[in-house]
Amino acid sequence: MSSATPADVLARRSHLTLNGDVEGLADLFAPDAVWEWPFVGPVGTPARLEGREAILEHSRRVVASPLRVEEYEVTELYQTQDPEVVIAELRGTATVTTTGRSLTATAIQVLRIRDGQIVLVRDFSDPRVGEEMLGEPRPGS
């Protein structure tokens, strides 16, 4: 059983994200972890990733894209009545290397973190921000 708090786990996730360490990032997730986008996920990503390996492959695609994350932080963290569940307000800044355009995006995530590992992420972000910057409009938009 890990003594890492949800804040510790999310701080580690921010550090790994900024350093592009996808293997380290994947290790923060339980083997059967789930990452969901309840409304709509990024282009080319299913609305639900199941398992650490699927999360690792998604992370590899993000790191291989021209989007370079420069800042990634938890701006607010709220504890729920369930000690495993937190709500995080996030802000990230990135640059598209192919155009030099920069963006700042915000999101809210509901996470279940058990024994120092992320078990569930429900990601309420707006994927259109990155899509517009990368020039990858969603089909039909």
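Please treat every number below as a calculation from the coordinates, not as lab data. Source: prediction; values computed, not measured. Positions of Cβ are generated from backbone atoms using ideal geometry, with glycine treated the same way; all protein chains shown enter the neighbour counts.
Backbone amide hydrogens, once placed in the peptide plane, bring Gly51 within less than 5 Å of Ala33, Val34, Trp35, excluding anything fewer than 5 places away on its chain. Note on Cα Rg over 2.2 N^0.38 Å: of the candidates (1) 1.02; (2) 1.16; (3) 1.92, the value calculated from this structure sits at (1). Relative to the longest principal axis of the Cα atoms of the chain, the long axis of helix 52-64 makes an angle of roughly 30 degrees.
Seen from Val34, the other residues with C-beta closer than 15 Å to its C-beta sum to a net charge of -2, counting Lys and Arg as +1 and Asp and Glu as -1. Helix content alone sets the calculated 222 nm mean residue ellipticity of the chain: runs of n ≥ 4 DSSP H residues at -39500 (n - 2.57) each, divided across all residues, give -8000 deg cm²/dmol.
Between the helical axis of 6-18 and the longest alpha-carbon principal axis of the chain there is an angle of about 30 degrees.
Rank the residues Thr80, Thr17 as a footprinting-exposure proxy: fewest other Cβ atoms within 10 Å of their Cβ go first.
Lowest count first: Thr80, Thr17.
Taking other residues whose beta carbon is less than 14 angstrom from the beta carbon of Arg122, and scoring Lys, Arg as +1 and Asp, Glu as -1, yields -4.
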